[in-house]
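See below for the structure under consideration.
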Amino acid sequence: MGTDALCFDMYGTLCDTSSMTETLRAELDLPAQVVDDLDALWRQKQLQYSYQLGQMRTYRPFWEATSEALDYSLSFYGRDPDTATRERILDQYNHLDPFPDTLDALATLEDEYTLAVLSNGNPEMLETLAANTGIDEHVEFIISADEVETFKPAPEVYENAADRLDTPLGDCALVSSNAWDIAGAAQAGMGAFWVNRKNEPMETIGGDPDVVADTLSDLAEKL
Ligand code: LAC
């Protein structure tokens with residue numbers, strides 16, 4: 001027993017969703033503070049919609065949940081941009097910045113482990129972002145929750161990843177900065193390596209992480 005495969009969460013772990021603020025600032029005439037709040041609400045709603053869709057068993061691809069969450073957030077802040085502006089904002093989601101340590105950490109870990117992306121993103125958005133950032137040069141597999149038509153933290157998503165990797169669930173580890181994702185992976189029986197980028201407390205429900213690191217570079221050193 002040991003960890004053979006590392007499955008990386010994409011949004012918030014490999015790529016920085018707050019890198020959207022530059023585009024939001026350029027496209028919407030709003031104060032910087034409001035843009036930061038809108039961006040945070042967009043991310044919060046995107047996740048909430050994925051949980052709700054899972055609970056309601058009305059699956060639709062994460063791109064649609066992301067787009068619907070954007071509409072909610074724009075409306076919350078009283079903005080109704082034209083279609084072209086809205087499309088430009090959404091398209092930028094395919095060009096999120098990787099965190100500064102992402103590519104180096106993947107390059108360090110790829111010699112020792114099988115690397116995969118494991119994300120709620122649908123395959124098209126994951127493949128596009130992985131290609132745009134160079135992440136695709138380091139990971140062997142891109143595994144989407146779309147394959148089982150529900151979202152993390154449903155156990156089927158983690159179990160499907162182990163099947164795809166042809167590796168026992170306990171020999172795979174999720175690497176995520178999202179504590180709810182770590183709690184879900186651990187609960188499902190997968191290893192759970194938490195990159196606690198924001199120095200947050202662990203969730204009080206679900207499983208516990210096996211390893212806690214501050215950044216991906218820190219994790220690469222610890223493994
Ligand atoms: C992911 C998001 C939801 O699965 O963090 O990549």
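The values are calculated or read from the model by the stated rules, or taken from the named source; none is laboratory data. From a predicted model like this one, the values you see are computed outputs, not experimental measurements. Methodologically, a virtual Cβ is constructed for each residue, glycine included, from the backbone with ideal geometry; neighbour enumeration extends over all protein chains shown.
Of note:
- Among the criteria (1) assigned to a helix (DSSP H, G or I); (2) more than 20 Å from S217 (Cβ to Cβ), the one A107 does not fulfil is (2).
- Extreme residue, surrounded by the fewest Cβ atoms within 10 Å (Cβ to Cβ), among residues of region 1-19 that are among the small types (G, A, S) and part of a loop (DSSP other than H, G, I, E, B): G2
- Selected residue (criterion: farthest from F151 (Cα to Cα)) from residues of region 56-81 that are at pLDDT 95 or above and of a type in the set (D, E): D71
- Residues satisfying the stated conditions in region 46-62, i.e. within 12 Å of the ligand (Cβ to nearest atom) and within 15 Å of the chain's Cα centre (by Cα): Q46, L47, Q48, Y49, S50, Y51, F62
- Residue in region 103-121 that is without any contact (Cβ under 8 Å) to a residue 12 or more places away in the chain and either more than 26 Å from G207 (Cβ to Cβ) or more than 15 Å from the ligand (Cβ to nearest atom) (or both) present: yes
- Scanning region 87-102 for residues that are outside any loop (DSSP other than H, G, I, E, B) and either away from the ligand (no atom under 12 Å from the Cβ) or in contact with a Cys (Cβ under 7 Å, 6 or more places away or on another chain) (or both) gives E87, R88, I89, L90, D91, Q92, N94, H95, D97, P98, T102.
- Subset of region 152-210 (residues that are within 13 Å of the ligand (Cβ to nearest atom) and in a loop (DSSP other than H, G, I, E, B)): K152, P153, A154, S177, N178, R197
- Residue within region 20-35 that is in a helix (DSSP H, G or I) and within 16 Å of the ligand (Cβ to nearest atom) present: yes
Residues are listed down the side, and each one gets a yes or a no for (1) surrounded by 20 or more Cβ atoms within 10 Å (Cβ to Cβ); (2) on the phi > 0 side of the Ramachandran plot; (3) in contact with a Gly (Cβ under 8 Å, 6 or more places away or on another chain):
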site: G78; (1), (2), (3): no, yes, no
site: T83; (1), (2), (3): no, no, no
site: D91; (1), (2), (3): no, no, no
site: N94; (1), (2), (3): no, no, no
site: F99; (1), (2), (3): yes, no, no
site: D111; (1), (2), (3): no, no, no
site: L118; (1), (2), (3): yes, no, no
site: L126; (1), (2), (3): yes, no, no
